[in-house]
Structures are given as structure tokens and as C-alpha cells.
1. If only one of 386, 400 is closer than 18 Å to residue 160 by Cα, at pLDDT 95 or above and open to solvent by 30 Å² or more (accessible area, probe 1.4 Å), which one is it?
2. Filter segment 199-247 down to the residues that are more than 16 Å from the ligand (Cβ to nearest atom), of a type in the set (Ser, Thr, Tyr) and part of a loop (DSSP other than H, G, I, E, B) and list them by number.
3. Could you list, in sequence order, the residues of segment 214-238 that are out of contact with any Phe, Trp or Tyr (no Cβ under 9 Å at 6 or more places or on another chain) and crowded, with 19+ Cβ neighbours inside 10 Å?
4. Quick one: which residue in 19, 31, 14 is within 16 Å of the ligand (Cβ to nearest atom), in a loop (DSSP other than H, G, I, E, B) and within 40 Å of the chain's Cα centre (by Cα)?
5. Restricting to segment 70-100, give me the number of residues that are surrounded by 16 or more Cβ atoms within 10 Å (Cβ to Cβ) and more than 21 Å from residue 24 (Cβ to Cβ).
6. Against the definition (within 16 Å of the ligand (Cβ to nearest atom) and not aliphatic (A, V, I, L, M)), how does residue 42 come out, yes or no?
7. Only one of these is among the small types (Gly, Ala, Ser), open to solvent by 10 Å² or more (accessible area, probe 1.4 Å) and either within 16 Å of the ligand (Cβ to nearest atom) or in a helix (DSSP H, G or I) (or both): 106, 141. Name it.
8. Give me the pairs, please: first residue somewhere in segment 179-196 and free of Cβ contacts under 8 Å to residues at least 40 places away in the same chain, second residue anywhere and among the polar types (S, T, N, Q) and not in a helix (DSSP H, G or I), beta-carbon distance under 6 Å, and either six or more positions apart or on two chains.
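The values are calculated or read from the model by the stated rules, or taken from the named source; none is laboratory data. Since the model is a prediction, treat every value here as computed from it, not as a measurement. Here the Cβ positions follow ideal geometry from the backbone for every residue, glycine too, while neighbour counts run over all protein chains shown. These accessible areas exclude ligands, DNA and RNA; they are computed on the full protein's heavy atoms, side chains included. Shrake-Rupley method; radii C 1.70, N 1.55, O 1.52, S 1.80 Å.
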Amino acid sequence: MTAIARTAATGGALDPRFLRWQTSLPIDRRLLSVDCQGSIAHVEGQRRAGLLSDEEARVLTGALEQLPARVAAGEVTLPEDEEDVHMAIEAWLHAEVGPVASKLHAGRSRNDQVATDLKLWSRDAVATLRATSETLARAAAAWIERHGETAMPAYTHRQVAIPVLARIWIEGGLLDPIARDLELLGAVDRELALSPLGAGAVGGTTLPIDPAVTAAAMGFSGPPRNPIDAVGQRDHALLLVFVCTRAALHLARFSADVVELCADGLFKLGGAIACGSSMMPHKRNPDLFELVRGQAALRQGELVALLTTFHGLGNGYHRDLQQDKQVLFSAVDGLLGCLEMIALGLEHLTPDADACRRSLAMGDAVATDLAEALVAGGMAFRDAYQHVGRLVAGQRARGQRLVDLTAETLAEAGLPASLLTCLDPVESARRRSRRYAR
Ligand code: ARG
């Protein structure tokens, strides 16, 4: 271990067991590339402030620019025995470019450095989430092209309720909620606007480095407004994890629908995404959708973990904050995986139009249509509702359904034969869905 963050005042060497336990390197090495980006901006700030010569800045920038690709290519391995990626990079830089590396950290702390890295990482994460959600939206649009006009039951209380077209089901259960989540990512963008760099450990710096210069170099809209807030707040991470949690919940609810519709035999799963049982030879299980449903629980845990991390912490930096990263990374990775899997799942999910038609018939899904037809003919709704209730009970008593009604049965009930035109559930689905055309 190098002794970058140790002085005579810190006292001796760290116990290696403690070092190994407290290092964030296994997790924050993912910040390597944004850390280099932040350091390059800081070098530019120092150069403009006259703290680095053009040549020194060139040497440092050159090494930092190349580092991510060299690590990816396996040409460079970062020192393992450092507290975090920030110190590992600085230690590597010393070995790579010599004493000029000692100038790099002037006017900054790991506190503003890690806050900056996290914002840069989150900015990329938001872009990736947007792109992946849009891919899912395209997959859903393609599904609608293939299956959107199939009539299926909408359920309430897990029972057949009303006929709808499949496009209404997927638009309401998947497309619209995900579109709202995408919109909410705009709020994360706003939280990411200002650069924390220049806030130093917690009170800024006396050096003439202009934080507006470093902010602009990283594409932020401005420098930190307050150094205490800049190093101690993670509001963007909270919001991003919240968006991930809410989107995960939306995908979970959609998945629960799919599991139910498959269990009821109304939707079929392609073999490419169906799992089998190790014992029962006949199974074709919807594990993809069950796993996505289960992932929402993990996102909720992460959101609570992050909220609880801040609870009881005063302002400014505390080492507790180091643990924000694993939660944030896991929330974003987890959601990305689920978005991708649902897009894949849609390619192999097919409604069975005949099974849906049977289910609509067996479930008396047109009952409300009949009541409304009577209302349209001038009857008060409560009277119409009671009439149709009696019709349903009568049909069931003779082992039939509303779709089996005849003109005689209607006449016996004192109801017009015109109701026979309302018995087709597929027609009902079309009529009802027209209003929700896109
Ligand atoms: N590894 C730390 C983190 O990720 C870096 C900041 C350390 N700052 C400090 N004052 N110990 O939060």
C-alpha cells in the first residue's frame, strides 16, 4: 500500500486486515473512466490557475486519457492494496509519470472527487437507461403490430372482467408506465446539473482554481453552489434509485399479468424463454417474468438502504457514503437487465386468440355490454344491472353462458331481442378500445 492519505498525524500504517475490509476498490473500479475524466478537468483547472505548466498538464492528461483503455486491454492493472479507485489511480500515476503526479491532488479532496465521479457515472447511466427503455418501447410496439388486435379479457380480482384488445393491455401495463419513468429521468438530469468539483473536503480551496472551468470541462452547467452540500448530498442517486425502483415495480406488475395469463392458458410462451422442471417433464414455466417480478423486491431494498444511509448523518462527507455506490450500481444494473429481458420476452409471448375467446365467453365478459345496451335503450342503469344479473344466474343454472342466450330466453325475461347483437366479446373489445386508439 502506498501512503497517499497518511501523514505523521494519521499514525502508523493501517492494519492490512482493516485495509482489506474497508476498501471500496472492488466496487468503485467501475468509476475508473469517469474518475480519469474528472482528473483531466481538474488538471485543466490547475493549468489555467498557473499551478501546472503546459508540459506538466500534457503529461498528466496523456496518462489519464489512456488509462481506461489500457486497463480494459489488460496492459495496466491498478494497485489492489489501496482504499479506493481514486487512490489506486493516483498511486499508478506516480509509478507511470513520476513526481509530477504529486501535484494532481492540489485543491481537491476525494470527497468532491467521489461526488463528481458519481454524478458523471449517473449521467451515463441515465443515457443507457433511456436507450434501453426506448428499445423496450420498440419491442412493445412490434408486439402490438403482431398481436394488438387480439381480444382478451381484462381482469379484476383475478377474474374475467371486460373484453379489451391486447394493445390496451400492453399499453396500459407496460408502455405508459415506462414512458412516465423515462420522463422522470428528466428530474435526475436536473439533479445532475452542477459539478461538485472544487468543493474540496468540505470548505472549498484557497487555490485560484476556477470551479466553473472544471465544471465546463466535464459538461456540467455550473460549479458547486455550496461546498458542504456538494460533498455530502446524494440526491441524484436517491432519485435515480427511486426511478429504478418504480420502473422495476412497473415491470413486475406487467410480469405478474403475464404469469397469470400464461397460467390461465390465454398466453403462450416460446421455448426460447420458457424454463422446464428438473422433475416434471410436462412443465413450461414463465421464469423470465417471475424473476423480473422478484427483482422489484431487490430495488425496494436498495431504495430503503440508500434512504437509511442518510438518516442520522449530518451534512458534509461521512465514510458511510462510500456504500452508496453498490446500491446505485445494483439498482441501475438490475433495472437494465429487466428492461432487456422483458423486450426479449415479448418476442416469445403470444396470445392464444381461441383460448381468449373461450375465456371471455365462459367468464360472461359481455355482461356490462348488455346492461349498457339496455341503458342506451332508455332503462335506468340499476334496473338494467339487475336484469343482466338475473340473466347470468339463469344461464349458469342451465349450464350456459350469456353468449348462449336466445331470443326466447330474452323474451321470457322481458328483454329485447336486440341484445343478441351485443354478445360477441371480440366485437365488444373492438368497440371499447376504439376510444383509446393511438
Ligand atoms: N472511498 C471513499 C468513498 O467512496 C472515498 C472518499 C474518502 N474520503 C474520506 N474522507 N475518507 O466515499
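1. Only one candidate passes the filter, namely 400.
2. 206, 221
3. The answer is 215, 217, 218, 220, 223, 224, 227, 230, 236, 237.
4. 14
5. 3
6. When the stated conditions are applied, residue 42 passes them.
7. 141
8. 193/221
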